[in-house]
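Just so it is clear, none of the values below were taken in a lab; they were calculated from the coordinates. Computed from a prediction, not measured in an experiment: that's the story for all the values here. Glycine also receives a Cβ, built like all others from the backbone with ideal geometry; neighbour counts cover every protein chain displayed.
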Amino acid sequence: MNDLILAGLKASLEHKQAMMDDASLHTAIADAAALCRESLSAGHKILLCGNGGSAADCQHIAAELVGRFEIERDAMAAIALTTDTSALTAIGNDYGYEEVFARQVAGLGNPGDVLIGFSTSGGSKNVVRAFEVAQSRGVRTIAMTGAKRGALAEQADVWVACPSTRTANIQEGHITIGHLICALIEA
């Protein structure tokens, strides 16, 4: 059992080291934070979407923005599109699962807002579809993915790619990056 624990910690540490060594990732994080900060400063909001563990990441980062991350400040406008079970199930039932985020972006997204889409594969159809709607509404987009450049990255204004193809490491990286973006917004 101890060998599994050490192997898991080593894999996590190696991924974090790869993140530290990836200058293009640092630039993407700074660009994503600047886009969010600009939007929030102009009175707009941040929308977030993703599936499974990524849905939880959306909720986590939205909470850090609406509440606070590390400093006392005014609340910031952020909405995790993963939390309204009535909307998710009604849209899924009436329009199909691929539309669960797109329909919310159509109803809530305005020019100047930012949509952050989490997809470890970079190809989650419902997140990709949300980006399509976002672009048609003047909502800027940030793709949070793994190393594979998928359909989500192709549509994004900013692509933030964890240098891994392993889902667990990508998810760990995403929450670290989310925290970094929150810290840069608060700075």
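Taking only Cα atoms and a 10 Å spring cutoff, compute GNM fluctuations for the chain and point out the largest among Ala32, Ala18, Ala80.
Of Ala32, Ala18, Ala80, the most mobile in the Gaussian network model is Ala18.
Taking θ as phi - 60°, what are the ³J(HN,Hα) couplings along the stretch 10-19 by the Karplus curve (6.51, -1.76, 1.60), each to the nearest whole Hz, with x for Gly and Pro?
5, 4, 5, 5, 5, 5, 4, 5, 4, 5
Could you point to the residue in Asn126, Cys49, Thr167 farthest towards the positive end of the stretch 2-186's charge dipole, with +1 and -1 charges on the Cβ of Lys/Arg and Asp/Glu respectively?
Asn126
With only Lys, Arg, Asp and Glu charged, each at its Cβ (+1 for the first two, -1 for the last two), find how big the charge dipole of the chain is about the Cα centre; round to the nearest 20 debye.
Dipole of the chain, to the nearest 20 debye: 240 debye.
Expressed as a fraction of 2.2 N^0.38 Å, the rule-of-thumb size for a compact globular protein of N residues, what is the C-alpha radius of gyration of the stretch 2-186?
Against the compact-globule rule of thumb, the ratio is 1.00.
Neighbouring Cβ atoms within 10 Å as the yardstick, rank Ser164, Ser54 fewest first. Please report the intermediate quantities before stating the final value.
Values: Ser164 21, Ser54 25.
Neighbour counts put them in this order, fewest first: Ser164, Ser54.
Please give the contour-minus-distance gain from Ala7 to Ala23: 0.36 nm per residue of separation, less the Cα-Cα distance, rounded to one decimal in nm.
Net length gain for the segment: 3.1 nm.
Only Cα pairs under 8 Å and at least 6 apart count here; give the relative contact order of the stretch 2-186 as a rounded whole percent. Can you show the working numbers first?
Values: 344 pairs, mean separation 46.2, N = 185.
This gives 25 percent for the stretch 2-186.
Between Leu88, Leu152, Leu35, which gets the highest mean-square fluctuation from a Gaussian network model of the chain, Cα cutoff 10 Å?
Highest fluctuation among the options: Leu88.
Give the relative contact order (percent, whole number) for the stretch 114-161; include only Cα pairs under 8 Å separated by 6+ residues.
Across the stretch 114-161, relative contact order equals 43 percent.
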